[in-house]
């Protein structure tokens, strides 16, 4: 059977093997999918070994998305602009293709599964790493009023804001601005940092939330993430985790690999149960 995998560190929490196996059963595809824990300095070697041994495609999660982008010989437009890739495979010429389905998955989850939108909204994105890179362009295509990137290292957020400024109104701020309310009022907070994996939460004032505000954590867990817990206590009208995004971005990767689009609604429902 064709072999696929997700590489990351940590990786034990990943639901990707379950999701892709469900896609394979649903669409009648013969394939195996596994989770692979990769040491921080061995990603390039592991990718080369995987494809040399006949592997067909990879998903890439934290902290390797920017390394995956650098390894790719050809990039989709979304991946090229993002500077990060979460989907790899070899094309017919045996060249390594890099794609980014994170933003596609996020937008599909927000619009199709949660019946919401971000057009004309002020958005705060937490974090300036590979996950943020992957979602910024798809978010800007939805025509929000503004996006502010908040990061512990302000310089990193500022560089990202400058890079994406040609696509919409993008600014940067430090995490300290969130604690004292100087970031301004927002309609959406999207947590794209890895803090939830460590059970941590940036110091955010509840005062920055506009009435009816929505909060979305790209991370997911069996128990509600600390960010989602904070959002409920802060009075957010809508609180979402990244489970639907995970399934939707996986469906896009599956389509790129297999040429078949799986249905996602029932899988999201079963995972939530």
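Filter segment 73-86 for residues that are in contact with a helix residue (DSSP H, G or I) (Cβ under 7 Å, 6 or more places away or on another chain) and part of a loop (DSSP other than H, G, I, E, B) and give the result.
83, 84, 85, 86
State whether one or more residues within segment 159-170 are under 24 Å from residue 235 (Cβ atoms), surrounded by fewer than 19 Cβ atoms within 10 Å (Cβ to Cβ) and free of Cβ contacts under 8 Å to residues at least 60 places away in the same chain. Quick ask: steps written out before the conclusion?
If we filter segment 159-170 for residues that are under 24 Å from residue 235 (Cβ atoms), which is where we start, we get none.
The answer is no, given that none of the residues of segment 159-170 is under 24 Å from residue 235 (Cβ atoms), surrounded by fewer than 19 Cβ atoms within 10 Å (Cβ to Cβ) and free of Cβ contacts under 8 Å to residues at least 60 places away in the same chain.
Do we have residue 18 as under 19 Å from the mean Cα position of the chain (by Cα), surrounded by fewer than 18 Cβ atoms within 10 Å (Cβ to Cβ) and part of a helix (DSSP H, G or I) here? Talk me through it step by step, then tell me what you get.
Values: under 19 Å from the mean Cα position of the chain (by Cα): yes; surrounded by fewer than 18 Cβ atoms within 10 Å (Cβ to Cβ): yes; part of a helix (DSSP H, G or I): yes.
Spelling it out, residue 18 is indeed under 19 Å from the mean Cα position of the chain (by Cα), surrounded by fewer than 18 Cβ atoms within 10 Å (Cβ to Cβ) and part of a helix (DSSP H, G or I).
Have a look at 135, 118, 123 and point out the one that is crowded, with 18+ Cβ neighbours inside 10 Å, part of a loop (DSSP other than H, G, I, E, B) and in contact (Cβ under 8 Å) with a residue 40 or more places away in the chain. Write out each step before concluding.
Working: 135 fails: part of a loop (DSSP other than H, G, I, E, B); 123 fails: part of a loop (DSSP other than H, G, I, E, B).
Every option except 118 fails the conditions.
Determine, yes or no, whether residue 47 is at pLDDT below 95 and closer than 30 Å to residue 225 by Cβ.
Criteria not met by residue 47.
Does segment 27-46 include one or more residues that are free of Cβ contacts under 8 Å to residues at least 40 places away in the same chain, buried (at least 16 other Cβ atoms within 10 Å of the Cβ) and assigned to a helix (DSSP H, G or I)?
Checking segment 27-46: at least one residue is free of Cβ contacts under 8 Å to residues at least 40 places away in the same chain, buried (at least 16 other Cβ atoms within 10 Å of the Cβ) and assigned to a helix (DSSP H, G or I).
On the basis of being modelled with pLDDT of 95 or more and not in a helix (DSSP H, G or I), does residue 202 make the cut?
Working: modelled with pLDDT of 95 or more: no; not in a helix (DSSP H, G or I): yes.
Judged against the criteria, residue 202 is not a match.
Looking at (1) more than 21 Å from residue 111 (Cα to Cα); (2) assigned to a helix (DSSP H, G or I); (3) touching a helix residue (DSSP H, G or I) at 6+ places or on another chain (Cβ under 6 Å), can you tell me which one residue 171 breaks?
(2)
Looking only at segment 221-261, count how many residues are in contact (Cβ under 8 Å) with a residue 60 or more places away in the chain, surrounded by fewer than 22 Cβ atoms within 10 Å (Cβ to Cβ) and not in a helix (DSSP H, G or I).
Going through segment 221-261 one residue at a time, the tally reaches 3.
The values are calculated or read from the model by the stated rules, or taken from the named source; none is laboratory data. Since the structure is predicted, the reported quantities are computational estimates derived from the model, not experimental observations. No Cβ is skipped: glycine too gets one built from the backbone with ideal geometry, and neighbour counts run over all protein chains shown.
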